[in-house]
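Everything below concerns the one structure shown next.
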C-alpha cells in the first residue's frame, strides 16, 4: 500500500485561499497557486457536478490539494470529503484521521485480505498531524435503496444479499467480528446497483485466536441480537453478526424490520422474545432461510458460510411463484435515518 508523506497543501473554499493549521498543515506550491488563479479547468468527470461549489471543479474551488488529489466538498461532516484523482479523473472518498490514531482505527483493513464486496483503501497520504485515507466511492447505500423500493423482489434480494453475506463470511474467516452490521453499512459499487460492498471496517473487532467472545454492548437497536440484551457476560460475536444478517434479509424482502417499535424498551422486549411474522407471499426457501438465521439460540443459527450454501440462492426465480405483485405492506416500513441509527444509551 502506498503511504507517502504529504506534499504542501492549500485550503481554498469557493476561490478564496487560506491556510488551516490542524487539518491541512502546509502551503500549496507557487505553481499550483498560479494555476488556481487561472481560468476554471474543464470538468474532470461528467459525474462531479454539484450546485455548490460550482459544477466544474478546479484548484480554486477545492478544499485542498494533496499531491495528485483534489479534495472537494465535505460529505456528512468535516472528516469525509469527495475527492478526485487528477490523472485518472477517478472520483473517490477521502477520510481524514488524526495521525496518532489512524493505524488503530484502520487495523482491521490492514489485517484482512482484499475482497470484492469490501470497500478498499486505494492510498494513504500522511501529513504532519493528519492522515488522508482514500477509499473507493459509492453510489448510494442499501438502507436508502430498500426504503425507496419498499421491498425487493426475491431474485434481486438474493443477488444483493449473497454479496453481503460473502463480505461477512470473509471477515469472519479473517478473524474479524463486525459488531455493528446494518443495511446502511453496505453501499453500491456501481450506478446500476447490482454490486454491493461493506463501506467500512472501522467498527470491526480483531479476534485473538478462535475465540469470538465479546462483552461490549455495541450495535444499532433494530439489529441487536437477543443474547446481547439478555446477558451480562460474553456472547458470540460471529453469531451476533449472523443475527444482524437475518434482520437485513427480512427487511430487504418484507420492507420493514422484523422487530420494530418507537420505544427502545418495547423494541428490546420484542427482540428478546424473538417472535416475528413472515408474509405468506415469500417463497418457502426464503422463509426457511430467514427462520434459520433469526433464531433466539445463537448455536442454532446458520454460520455466515452456511448461509451462502442455502438453496434459496440457487432458485430459478423465473419459474418460481414467490407471490410478487401482492399488496404492499404500508405500516412500519423501513424508517428514516433517525429511527435506525439513534442509539439507546445501552449501546454507548
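The values are calculated or read from the model by the stated rules, or taken from the named source; none is laboratory data. Everything numeric here is computed off the predicted structure, so don't read it as measured data. Every residue, glycine as well, gets a Cβ built from its backbone with ideal geometry; the counts of neighbours run over all protein chains shown.
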Handout entry: For residue 138: the one exception among (1) at pLDDT 90 or above; (2) farther than 30 Å from residue 208 by Cα
Key = (1)
Practice task
Determine whether residue 169 is under 24 Å from residue 227 (Cα atoms) and buried (at least 23 other Cβ atoms within 10 Å of the Cβ).
Solution key: no
Exercise for the section: Please find, among 160, 181, the residue that is assigned to a loop (DSSP other than H, G, I, E, B) and either modelled with pLDDT of 95 or more or crowded, with 20+ Cβ neighbours inside 10 Å (or both). Expected result: 181
Problem - Of the criteria (1) modelled with pLDDT under 95; (2) in contact with a helix residue (DSSP H, G or I) (Cβ under 6 Å, 6 or more places away or on another chain), which one residue 301 fails - result: (1)
Completion exercise
Residue hits (the stretch 105-121; within 20 Å of residue 190 (Cα to Cα) and surrounded by fewer than 17 Cβ atoms within 10 Å (Cβ to Cβ)) are 114, 116, 120
Practice task
Just give me the residues in the stretch 184-200 being under 19 Å from residue 308 (Cβ atoms) and part of a helix (DSSP H, G or I), in sequence order.
Solution key: 185
Fill in the blank from the handout: All-but-one check, residue 96 against (1) in a helix (DSSP H, G or I); (2) crowded, with 17+ Cβ neighbours inside 10 Å; (3) over 12 Å from the mean Cα position of the chain (by Cα), failing number (1)
Completion exercise
Selection from the stretch 250-271 of residues touching a helix residue (DSSP H, G or I) at 6+ places or on another chain (Cβ under 6 Å) and either without any contact (Cβ under 8 Å) to a residue 24 or more places away in the chain or closer than 23 Å to residue 205 by Cβ (or both) yields 261, 268, 271
Handout entry: residue 203 farther than 22 Å from residue 177 by Cα and part of a loop (DSSP other than H, G, I, E, B)
Key = no
Completion exercise
Pairs returned, first residue in the stretch 277-295 that is farther than 26 Å from residue 238 by Cα, second residue that is in a helix (DSSP H, G or I), beta-carbon separation under 7 angstrom, 6 or more apart or interchain, are 279/254; 282/253; 283/154
Fill in the blank from the handout: Residue pairs within 8 Å by beta carbon, gap of at least six or interchain, first lying in the stretch 88-106 and not assigned by TED's automatic domain parsing to the domain that holds residue 202, second assigned to a helix (DSSP H, G or I) and loosely packed, with under 12 Cβ neighbours inside 10 Å, listed first then second, are 103/110
